[in-house]
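Take a look at the structure set out below.
The values are calculated or read from the model by the stated rules, or taken from the named source; none is laboratory data. Quick caveat: nothing in here was measured; it's all calculated off a predicted structure. Heads up, the Cβs are rebuilt from the backbone with ideal geometry, glycines too, and the neighbour counts pull from every protein chain shown.
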Amino acid sequence: MAGTTDCKSLLPLISLFQSFRLSGSGTENPKGEIIHAVPWCSLDSSVCVRIAMEMNYQSNFKLNKTEKKLLRKQIKARHTLLRHEGIEAVSYATQSLVVANGGLGNSMSRKQLLPVLEKCGLVEALLMPPNKPYSFVRYKTTEESRSAYASLNGKEIVDDLGQKVILYLNFVEKVQWKELGHQVLPPGLTVVEEIISSEDEKMLLEIINWTEDTDNQNFQKSLKHRRVKHFGYEFHYENNNVNKDKPLPEGLPDLCDNFLEKWLAEGYIKHKPDQLTINQYEPGQGIPAHIDTHSAFEDEIVSLSLGSEVVMDFKHPDGIAVQVMLPRRSLLVMRGESRYLWTHGITPRKFDTVETSEHYKSGIITSDIGGLTLRKRGIRTSFTFRKVKHMPCTCNYSLVCDSQRKETSPSFPENDKEASQLEQEYVHRVYEEIAGHFSSTRHTPWPHIVEFLKALPDGSIVADIGCGNGKYLGINKELYTASEVA
Ligand SMILES: [Zn+2]
């Protein structure tokens with residue numbers, strides 16, 4: 001067959017593949033499902049040919065409607081895994097299966113999945129990569145994995161949120177997934193466990209009065225994603241900075257002052273902070289990835305986690321992502337590179353992927369066979385202490401430094417490096433800066449669009465071009481929604 005297969009005749013078919021519940025990276029809809037769009041151009045002719053072959057296979061065997069649907073979904077799962085994760089399924093039986101929709105990333109826990117898999121045979125290993133909507137299972141024998149394939153493919157089971165999900169299984173040669181690639185903490189980051197006692201935690205939580213100042217919007221803001229309160233200096237979300245000439249009259253609460261003095265004396269912190277932001281997160285709430293404005297605060301930023309643990313996502317501009325567990329009553333200290341260069345944020349979800357080990361507390365979440373499970377989030381209150389900076393920032397990370405931003409107008413790039421710097425400066429940095437505010441002020445779907453989406457027939461294909469924070473993705477679950485983030 002010629003290498004230049006014309007894909008046009010397959011367009012309606014390919015468009016089916018534009019909607020994905022399965023992907024490692026993509027847009028999360030409010031249900032926590034990940035939806036990803038594949039650019040048309042990325043479907044090469046070989047994929048088109050394979051899709052066509054599989055669809056022929058389907059028609060040849062005169063399957064009934066339900067079987068056809070199952071096969072279509074299974075093929076879709078297989079192609080998504082290949083496209084987005086590089087996981088290649090094989091068409092013959094092996095000991096190992098990849099279980100699409102049976103992953104920590106779509107709220108399936110080990111506790112939930114393992115018994116289901118064990119009904120089909122002796123499970124040698126169940127590998128659940130963090131935040132991925134699939135897992136791998138290896139059976140003792142090929143007979144057992146074949147039996148699992150026969151009885152579990154297309155089977156509906158209930159996940160940890162009580163939602164029904166359908167599993168799609170494919171054989172794989174070996175259990176594999178891409179490593180996170182970076183298994184050390186971001187430089188300059190430390191987590192001090194049990195820095196305060198349970199009694200201190202209780203006292204600190206009791207000093208917050210969430211009801212006062214309701215008429216003064218500057219003091220307490222109910223951001224769509226969380227409750228926020230400021231001390232020392234008001235923090236302005238419009239420009240991610242503080243008004244340095246206008247400290248708040250009360251300063252920091254006395255109780256906090258005592259702890260800060262103690263931490264200074266014990267060497268956990270080097271500078272005494274003068275600004276405090278208290279955030280309260282309900283399960284399912286989060287904070288967009290951000291770098292605290294360089295010119296606003298000094299190098300050291302510390303955050304105390306109270307009430308519940310949480311997994312915080314750190315990301316380097318090169319794309320390296322590290323997930324760090326912040327246990328209850330621990331102190332996160334960010335200095336240097338981790339404060340200036342890495343973004344940090346909390347993914348809005350109700351469960352976190354955590355290590356199953358009893359001894360394990362803070363630190364990086366890694367994958368290993370049998371080591372990960374889901375834990376329900378509780379209400380977490382963080383006390384973030386910062387020291388307001390009164391001089392321009394002189395850090396070594398000029399690419400992300402607002403004080404060192406070049407004022408010269410951009411010129412036409414001469415090479416790839418310059419083009420990439422230009423993009424970083426005028427596209428990525430701008431989006432990073434406005435993302436939090438943008439997302440928190442664009443939460444409510446427009447009624448007419450909701451009406452439109454709900455009126456569409458089941459199975460319709462919708463492209464949401466420039467979908468922002470993806471607020472329309474979960475409106476009508478019967479649609480295939482593809483989204484595009486500019
Ligand atoms: Zn800087």
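Of the numbered criteria (1) closer than 30 Å to N396 by Cβ; (2) modelled with pLDDT under 90; (3) crowded, with 20+ Cβ neighbours inside 10 Å, the one L189 fails is (2).
Condition check ((1) among the polar types (S, T, N, Q); (2) farther than 21 Å from I434 by Cα; (3) at pLDDT 80 or above) across all residues:
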| residue | (1), (2), (3) |
| --- | --- |
| T214 | yes, yes, no |
| N218 | yes, no, no |
| K224 | no, no, no |
| E234 | no, no, yes |
| E238 | no, no, no |
| N243 | yes, no, yes |
| L248 | no, yes, yes |
| F259 | no, yes, yes |
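Of note, G86 does not satisfy the criterion of being within 26 Å of the chain's Cα centre (by Cα) and buried (at least 22 other Cβ atoms within 10 Å of the Cβ). Which residues, counting only those in the stretch 69-115, are over 19 Å from I157 (Cβ atoms), of a type in the set (G, A, S) and not in a loop (DSSP other than H, G, I, E, B)? Correct list: A89, S96. The set of residues in the stretch 311-353 that are modelled with pLDDT under 85, of a type in the set (A, V, I, L, M, F, W, C) and buried (at least 20 other Cβ atoms within 10 Å of the Cβ) contains only F351.
Screening the stretch 138-148 for residues that are at pLDDT 90 or above and buried (at least 17 other Cβ atoms within 10 Å of the Cβ) and picking the one that is farthest from A100 (Cα to Cα) gives E144. Filter the stretch 264-301 for residues that are of a type in the set (A, V, I, L, M, F, W, C), more than 23 Å from the chain's Cα centre (by Cα) and part of a loop (DSSP other than H, G, I, E, B) and give the result. Across the stretch 264-301, the qualifying residues are I269, A296. Within the stretch 361-368, is even one residue at pLDDT 85 or above and more than 16 Å from the ligand (Cβ to nearest atom)? The answer is no; no qualifying residue exists. For Y431, the test of being among the aromatic types (F, W, Y) and either farther than 21 Å from T343 by Cβ or out of contact with any helix residue (DSSP H, G or I) (no Cβ under 8 Å at 6 or more places or on another chain) (or both) is passed. Checking L453 against (1) in a helix (DSSP H, G or I); (2) crowded, with 17+ Cβ neighbours inside 10 Å; (3) modelled with pLDDT under 85, which single condition isn't satisfied? All conditions pass for L453, except number (3).
The set of residues in the stretch 149-167 that are aliphatic (A, V, I, L, M), within 27 Å of the chain's Cα centre (by Cα) and crowded, with 20+ Cβ neighbours inside 10 Å comprises V165, L167. Filtered by the rule that a residue be charged (D, E, K, R) and under 20 Å from N106 (Cα atoms), the stretch 139-163 gives K155, E156, D159, D160. For first residues located in the stretch 400-412 and in the same structural domain as H294 (by TED's automatic domain parsing) and surrounded by fewer than 15 Cβ atoms within 10 Å (Cβ to Cβ), partners that are aliphatic (A, V, I, L, M) and modelled with pLDDT of 80 or more and lie 6+ apart or on another chain with Cβ distances below 7 Å form the pairs P410/L422.
When you look at S338, is it in contact with a Gly (Cβ under 6 Å, 6 or more places away or on another chain) and either within 16 Å of the ligand (Cβ to nearest atom) or in a loop (DSSP other than H, G, I, E, B) (or both), yes or no? The answer is yes for S338. Among the residues of the stretch 400-450, those that are at pLDDT below 85, within 16 Å of the ligand (Cβ to nearest atom) and more than 22 Å from P288 (Cβ to Cβ) comprise K406, E407.
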